[in-house]
1. Expressed as a fraction of 2.2 N^0.38 Å, the rule-of-thumb size for a compact globular protein of N residues, what is the C-alpha radius of gyration of the chain?
2. For the chain, with the dipole built from +1 on Lys and Arg beta-carbon atoms and -1 on Asp and Glu ones, taken about the Cα centre, which of M406, I265, A209 lies farthest toward the positive end?
3. Whenever you get a sec, line up W438, W271 from highest to lowest accessible area (probe 1.4 Å, protein heavy atoms).
4. In region 365-415, carbon and sulfur make up what percent of the accessible area (probe 1.4 Å)?
5. What is the distance in Å between the Cα centroid of region 418-477 and that of region 186-246?
6. How do W412, W336 stack up against each other in accessible area, from largest to smallest, with a 1.4 angstrom probe?
7. Alpha carbon centre of region 375-402 versus region 170-185: separation in Å?
8. Rounded to the nearest 20 Debye, what is the dipole magnitude of region 217-326 about its Cα centre when Lys and Arg each give +1 and Asp and Glu each give -1 at the C-beta?
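The values are calculated or read from the model by the stated rules, or taken from the named source; none is laboratory data. Since we're looking at a predicted model, the values are computed, not measured. Cβ sites come from the backbone with ideal geometry, for glycine too, and all protein chains shown count toward neighbours. Ligands, DNA and RNA are excluded from the accessible area calculation, which covers all protein heavy atoms including side chains. Shrake-Rupley method; radii C 1.70, N 1.55, O 1.52, S 1.80 Å.
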Amino acid sequence: MSTVQEFETRPVSPDKLQGPRPFAASYSGEHVAGTEFVIGALFVSWGVGAVDILVGLLFGNLLAVLTWGLITAPIATDTRLTLYAYLEKIAGPGTIKLYSVVNGALFCVLAGAMITVSASAVRILFGIEDQVGYLPSDYRFVLVVLGVGAVVVYMAVKGFKKLAAFAEVCAPWMILMFVVGALVMMPTTIAATAGVDSISSFSDFLTVASESIWRDTEGEIGIWHVVAFAWVANLAMHGSLGDMTLLRFAKSPKYGYFSALGMFIGHYMAWICAGIMGAGAAIVLKTSITAIDPGSVAFTALGASGILAVIIAGWTTSNPTIYRAGLAFSSLNHSWGRTRVTIVVGVITTIIACSPFVFSGLLGFVGYMGLLLAPVGAIIVTEHWIFPKIGLTRYWSSYKGNTTNMAAFITWIVGMAVGIAVEQMGLLHLFFILIPLWIFSTVLYIALASAMGAKDTYPEAGAAEQTEADRKAAEAQYLQSSATSDATHNKDVPLLANIAKYVSWGALLYCAYMGVAAYMNNDMQTITTWLIVPTLVYFVTATYAYLAVSDGSVEEA
């Protein structure tokens, strides 16, 4: 087993459960990330109108939050298992081996895209040209990717709490950089808009947005595509239950709603801000938005701070994604251990990241990722919640001694085949297939499981249910006593840590002030030259304050 205990195969013990803070930081950090620079710019190139973007993203991200809060978090906190451990319990070792390979490979590609995004910023320091093709055009870019990948893998090996700590320090500044970047670029987009000299009303903003940022080309892509994409973008984590891996540590299922920080501050706000930055950067550089990578966009808007923003944005997404991929592959053979597997996975991911195609085709990849994994989410939700309500037996396949739950295996394979066939035949847009596919998989699994043994009763079921009830009762009792203990214990915070905390807040406020001043005065030069100063002050003081409060060490969960 891994030397870093992450409870890959058994429920998380009550003493290792986490309060709200790391989940708030993790969601706000992971989803204000490198993908936002890519997706925000891609929306601009889609030719979707401004109103469709603003309204569609609002509703799509709301659907994503509700999926996390109503499905993923309740199942994760009820079972306290990783997705892989719970799927193995339902579908057997045979199914989980194939699923782990598919899921792990998809996460490797996604993490690779984020490493590429980070490298797109670092390459500016070495004078390497934009990397927007399918293959790298400069061998030095490959060396940059290898360096960035090494740092990402190191962080992923450290486990969940180290990732949450990293995100907690980075998240506030990262959120602010998207806002500042948009403020800096707004005067450029205003100047490019006929009939608008300044923004004095929301109507003025819509005019600028419609004519200089999100130009409606009246193509096939519209508001419903935007709604669907905003929900599908993280389907692997919520609808396919990938975030059971993280939310199993949550003291309450309500923590699933912290995903709203990622969806509305991250996806909604950051995608919009990234679109403004991308459109503005294309105007400044006199080129098409499809000809510049995230590094160029951020550097044009924010200077050196933009380079740092893209690097950290890529890290905060690729770190937990490689962590998830490591858990996926380690489930193939528990004796390998998560740490060793994560290192191997990280090496593979870094090699994938050397090719820029992994982020240039990101939207289609995310859609296919959802298509391949959605049937498994449907199977888990069906067995966990629907089976007890319709008189079928949970975990029936394991009680029969099967190594593979053929009902689940067939449902997944048929579901994937049907989804791919529907998309390839052009019957439905890729983003619209997922909900019908989920419903189809649910009905198919109920029918197959009923025919194969789920209707039967098993003597082992009663004992297993009692064992699980005892575990939940012990957990509830521990959490109740722990809450009382926490309420009476106040940890002393060192004076220097408090000073550092307030200085870090002041640095963030000054960054915000610089952004507003740049907008009011149409002054890009000051931002691109001097924003790095309060940025560095923030990271030094915020990191010191965090380490001082945690005594410089974070005990692994």
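1. Here the Cα radius of gyration is 0.98 times the empirical estimate.
2. M406
3. W438, W271
4. 66
5. Comparing the Cα centres of region 418-477 and region 186-246, I get a distance of 35 Å.
6. Accessible-area ranking of W412, W336, largest first: W336, W412.
7. One Cα centre to the other: 45 Å.
8. Roughly 460 debye, rounded to the nearest 20.
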